[in-house]
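Here the structure comes first, spelled out in structure tokens, and everything after it is commentary.
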Amino acid sequence: MPEAVIVAGIIVQVVVWRMVVRDRLPFWPTTAVTFTALGIASLLTGDPSCCREKEVSVAAGAGIASGTALYGATRLVVGLATRYPRLDRGVTDVYRRAQETSFLIALALTLAIAVPGEELFWRGLVLSEAQETTSSMTGALLTWAAAVGVNAAWASAPLLAGAVVGGALWTWLATWSGGVVAPLASHLVWTGLMLSWPPLADRAKVRA
């Protein structure tokens, strides 16, 4: 059963993300509904425990610290990347989609639904199943590679870069802590900061 959910979840994400890219589906409601379904399915079929190997407070603290550090690094990299026209257009497009709905709704949908659902699926269900059938390192690499491949469906360099770097960090945090508290805290902090204070010096161009 978990294997079927994993396969179906990966296929659904690729198909839905491509439809969003083609403007056939709205970004925020679609991601919220998709990750809500995947999160619930992960809870029902897998064993995404909160934190088996580390104390919850330690895992949460590591997640918060790493999410803040990742945000700082992202601001730096985006500042350098946007000097190149192609990457600049990619970053602008990401934040154009971010403004398709009100800030508070987008923040609520992302932090309360999308990010938890994504972590329950990838770091809760997929990672645990991959590590159980292979090894800790191999399972982590397979999970990271699969998540990167799915995010490639966005056809966006900034989103793919986020999946590569962020996915590596959150997969490592889940492997280190033995659960989803650390990666969830990190992902929530990073995403919340990225939405609240976008790493763009000139936000007006996003609205254009």
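Rank these for me by crowding, Leu104, Leu160, Leu195, going from fewest to most other beta carbons within 10 Å.
Leu104, Leu195, Leu160
As an exercise, use a Förster radius of 22 Å and the Cβ-Cβ distance of Arg18 and Thr101 to find the FRET efficiency, rounded to the nearest 0.05.
In this case the efficiency is close to 0.60.
Label Ala152 and Leu43 with points 7 Å out from Cα along Cα→Cβ: what is the distance between them in nm?
A separation of 3.3 nm, rounded to one decimal place.
Output wanted: per-residue J couplings in Hz (rounded whole) for segment 5-14, from phi through Karplus 6.51 cos²θ - 1.76 cosθ + 1.60, θ = phi - 60°, x for Gly and Pro.
5, 5, 4, 4, x, 5, 4, 4, 4, 4
Please give me the summed charge of the neighbours of Leu169: other residues whose Cβ is under 13 Å from its Cβ, Lys and Arg +1, Asp and Glu -1.
Every neighbour counted, the sum reads 0.
Which FRET efficiency value, to the nearest 0.05, is calculated for Met137 and Val164 with the Förster distance at 22 angstrom and r the Cβ-Cβ distance?
For Met137 and Val164, the calculated efficiency is 0.80.
Coordinate-derived values only; no laboratory data. Note that this is a predicted model, so its numbers are computed, not measured. With ideal geometry, Cβ positions are generated from the backbone for all residues, glycine too; neighbour counts draw on all protein chains shown.
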